[in-house]
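Written below as structure tokens is the structure these notes are about.
The values are calculated or read from the model by the stated rules, or taken from the named source; none is laboratory data. Bear in mind the structure is a predicted one, so any value in this text is a computation, not a measurement. With ideal geometry, Cβ positions are generated from the backbone for all residues, glycine too; neighbour counts draw on all protein chains shown. Protein only, heavy atoms only, side chains kept; ligands, DNA and RNA dropped before computing areas. Shrake-Rupley method; radii C 1.70, N 1.55, O 1.52, S 1.80 Å.
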Amino acid sequence: MTQADSRVAHLPTTSYYCPSGKYDELWRRADEDPEGFWAEQALELDWFKRWDKVLDWKAPYARWFVGGKLNLSVQCLDRHMKTDVRNKVAFYWEGELGDSQVLTYGEMYRQVNNTAGALKRLGVKRGDRVAIYLPMIPALPVVMLACARIGAPFTVVFSAFSGQALADRVEDTGAKVIVTASGMHRRGKILPLKENAVEAAARCACVEKIVVVKHTHHQVEMDPNRDVWLSDILSGCDEYVAPEDMDSNDPLFILYTSGSTGKPKGILHGTGGYSLWIAKTMQWAFDTDAQTVWWCTADVGWITGHSYVVFAPMILGLTSVMYEGAPDYPALDRWWAIIAKYGVTAFYTSPTAIRMFMRHGEEWLSRHDLSCLKILGSVGEPINPEAWLWYYRNVGKERIGISDTWWQTETGGFMISPTPGIQMHALKPGSATKPMPGVVPAVVDADGKELPNGETGFIVIKKPWPGMLLDIYRNPDLYHKTYWSRFPGYYLPGDYCMKDQDNFLWLLGRADEVIKVAGHRISTAELESAIVGHSAVAEAAATSRPDEIKGEAIILFVTLRKGTPPSVEIKNELTRHLRATIGTLATPEEIFFVNLLPKTRSGKIMRRLLKAVATGAAVGDTTTLDDGASVDEAKAAFAELT
Ligand code: PRX
């Protein structure tokens, strides 16, 4: 029984099932006539020019609304200027220190136009790439939308990534400008974002300017030839910058994520299909309306933040909450206090956060009135039924549903989720339930044969959907290989899945070398290539083991070079090295020193064995191993340290 199967076996028998009406009809229409269905939906966006063709599908490339012209900043802002939404709150922003700002759509429009003007004066032209390395402050959505307005594809780099990780991404995009902040607040400390941006600029010849947002008030060194304060390059008076007429399939942003290679890959999204997908899926999964007060706790540095902190809520003209800091700072009820303070009606977070709160008990919740909530959501990793039920009972008080949304950076928006917005309210704790209209999934075995209900296999998506990635930036070969080569014609997400007897889908974790630590995606190859970059390391293998809170925790097996004996000091040094190379999310739970890594005779590391050793499971067949002793050694190292 795999780890995934054992989760299913432990499910409670409770089923919150009820039949649906509109959902079935929409799903069928989207399946039977995708072009007609999506053309009708696309009328909800503002187009400069209507498309000539709804879908051009030449596997593996889907191009939606071919010939259509639009601009994302117009969807999020300009069109609201003609309605009541103009004076509606776009963001209630709260800083970790308790400071706050209220930004209306009108104010966002003003700031986006001014920032777009400033970037243009700095020399950013349509097609130039901009790297954005900002904390969760209002400037982050403002700069993203300003880039979209002037047609400059942007890449947002999560603020917990190190200077070196930022440099890798900046270099791959060839960004000319990095927009950063003086620093950020995290659990009472100031983190030096500007310094990391300088480190990245020093490594990347493409960077001409660093634009700095004044956020923390500590001393920051500025290089007069390269660095400018954003406040200094704004014109001083309000300006209007005409939005570029972008083609529906022009690049909008590049977002790096981990796959099977040592280097993160740049997932490329466009405007037309992507905007429509995120807006429709948000309405469907969260039944949003003009009164919705939305709070998605994800960092904008991830796809969840792009699609559902910034763009979809703004396209829909919703009021959102944006919070800068940590969930437990200064105390464990910070999030609940924020929900009550702003009257949040729809709350969307991760299983890791839920499990963290679960561990600390319900009393933190009871300090606040959460009766404003009308719907809950979960994302980023499988939610175990226990956490689902805790969330349902203690946060939702058993009166509201949970939309467990399964999707990926590559999919742009939700793929599988309850859709109460179109009357699909059926829930089962731990299942993401049903595919969105337009999503046609199947569960297949290793040969691509569809499996009967009840059996676990790989999830594939059989048809293109509007939010589908355009490509991997500057790496079409990797795009083909990663998603389309194993089961030709089908998109391969890389997750295990099981469809139950009611046709509910259970997403059961990654089937590849990707680790999900607190919902953050990181690959074993990325960790290994980072750690062997340390001069004391000869070889390394990364794996994970289940973690009660974070879902998975990183475990490393390392062989040291001659002359460096294993010690606590070198272990700490390697942890520091990983954090400096990738960022804090790469912090290993444990590093084991071994003399040999278990390898096949052809020299491949047998990760399966290391995983078994790290999790204490049966090691299984070792007949293809080169040297059986290396398994025993890995086991002994593990036993000694646990
Ligand atoms: O393994 C799945 C897991 O997160 C992966 C995608 O990660 P990323 O591109 O970083 O996007 C995260 C936010 C969408 C998926 O391949 N995943 C995401 N949501 C769920 C999930 N696994 C189970 N249930 C979910 N709701």
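Tabulated data
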| item | result |
| --- | --- |
| Yes/no for G396 being in contact with a helix residue (DSSP H, G or I) (Cβ under 8 Å, 6 or more places away or on another chain) and small (G, A, S) | no |
| Residue list for region 381-410, filter: more than 16 Å from the ligand (Cβ to nearest atom) and either open to solvent by less than 10 Å² (accessible area, probe 1.4 Å) or of a type in the set (S, T, N, Q) (or both) | N394, V395, G396 |
| In region 287-303, residue farthest from the ligand (Cβ to nearest atom) [restricted to those that are more than 14 Å from I375 (Cβ to Cβ) and open to solvent by less than 20 Å² (accessible area, probe 1.4 Å)] | V300 |
| Extreme residue, farthest from V379 (Cα to Cα), among residues of region 468-516 that are modelled with pLDDT of 95 or more and acidic (D, E) | D477 |
| In region 163-177, the residues that are open to solvent by 10 Å² or more (accessible area, probe 1.4 Å) and either polar (S, T, N, Q) or over 16 Å from A586 (Cα atoms) (or both) | Q164, R169, E171, D172, G174, K176 |
| Residue match in region 125-136 (condition: open to solvent by 10 Å² or more (accessible area, probe 1.4 Å) and in a helix (DSSP H, G or I)) | no |
| Number of positions in region 586-622 that are surrounded by 21 or more Cβ atoms within 10 Å (Cβ to Cβ) and under 24 Å from D168 (Cβ atoms) | 3 |
| V310, sole failed condition from (1) open to solvent by 20 Å² or more (accessible area, probe 1.4 Å); (2) more than 13 Å from the ligand (Cβ to nearest atom) | (1) |
| Single match in L609, L597, L625 (criterion: more than 25 Å from S350 (Cα to Cα), more than 34 Å from the chain's Cα centre (by Cα) and of a type in the set (A, V, I, L, M)) | L625 |
| Unmet requirement for R545, which otherwise passes all of (1) closer than 19 Å to T615 by Cβ; (2) open to solvent by 20 Å² or more (accessible area, probe 1.4 Å); (3) within 16 Å of the ligand (Cβ to nearest atom) | (3) |
| Odd one out for V143, checked against (1) more than 27 Å from M81 (Cα to Cα); (2) crowded, with 21+ Cβ neighbours inside 10 Å | (1) |
| Residue identified as more than 27 Å from the chain's Cα centre (by Cα) and without any contact (Cβ under 8 Å) to a residue 40 or more places away in the chain among G106, G127 | G106 |
| Test: residue in region 367-380 that is near the ligand (Cβ under 10 Å from one of its atoms) and at positive phi | yes |
| Residue match in region 248-255 (condition: out of contact with any Phe, Trp or Tyr (no Cβ under 9 Å at 6 or more places or on another chain), open to solvent by 50 Å² or more (accessible area, probe 1.4 Å) and part of a loop (DSSP other than H, G, I, E, B)) | no |
| Cross-chain or 6+ apart pairs with Cβ under 7 Å, region 204-215 first and open to solvent by 40 Å² or more (accessible area, probe 1.4 Å), then among the hydroxyl-bearing types (S, T, Y) | K214/S182; K214/S231 |
| Residue selected from region 262-283 under the condition open to solvent by 10 Å² or more (accessible area, probe 1.4 Å) and within 15 Å of the ligand (Cβ to nearest atom), by the criterion nearest to S403 (Cα to Cα) | L268 |
| Sole residue being among the aliphatic types (A, V, I, L, M), at pLDDT 95 or above and on the phi < 0 side of the Ramachandran plot, chosen from L97, L77, L11 | L77 |
| Extreme residue, surrounded by the fewest Cβ atoms within 10 Å (Cβ to Cβ), among residues of region 325-353 that are under 17 Å from the mean Cα position of the chain (by Cα) and more than 30 Å from E44 (Cβ to Cβ) | A353 |
| Residue in region 15-57 that is surrounded by the most Cβ atoms within 10 Å (Cβ to Cβ), counting only those that are modelled with pLDDT under 95 and in a loop (DSSP other than H, G, I, E, B) | S20 |
| Elements of type strands (runs of 3 or more DSSP E) in region 445-542, at least 2 residues being under 29 Å from I555 (Cα atoms), in contact (Cβ under 8 Å) with a residue 12 or more places away in the chain and away from the ligand (no atom under 12 Å from the Cβ) | 456-461 |
| Residue in region 345-356 that is touching a Leu at 6+ places or on another chain (Cβ under 7 Å), among the hydrophobic types (A, V, I, L, M, F, W, C), within 16 Å of the ligand (Cβ to nearest atom) and within 19 Å of E398 (Cβ to Cβ) present | yes |
| Residue list for region 180-195, restricted to those being touching a residue at least 60 places away in the same chain (Cβ under 8 Å) and closer than 17 Å to V143 by Cβ | M184, L193 |
| Those residues of region 422-444 which are among the small types (G, A, S), out of contact with any helix residue (DSSP H, G or I) (no Cβ under 7 Å at 6 or more places or on another chain) and either within 13 Å of the ligand (Cβ to nearest atom) or not in a loop (DSSP other than H, G, I, E, B) (or both), in sequence order | S431, A432, A442 |
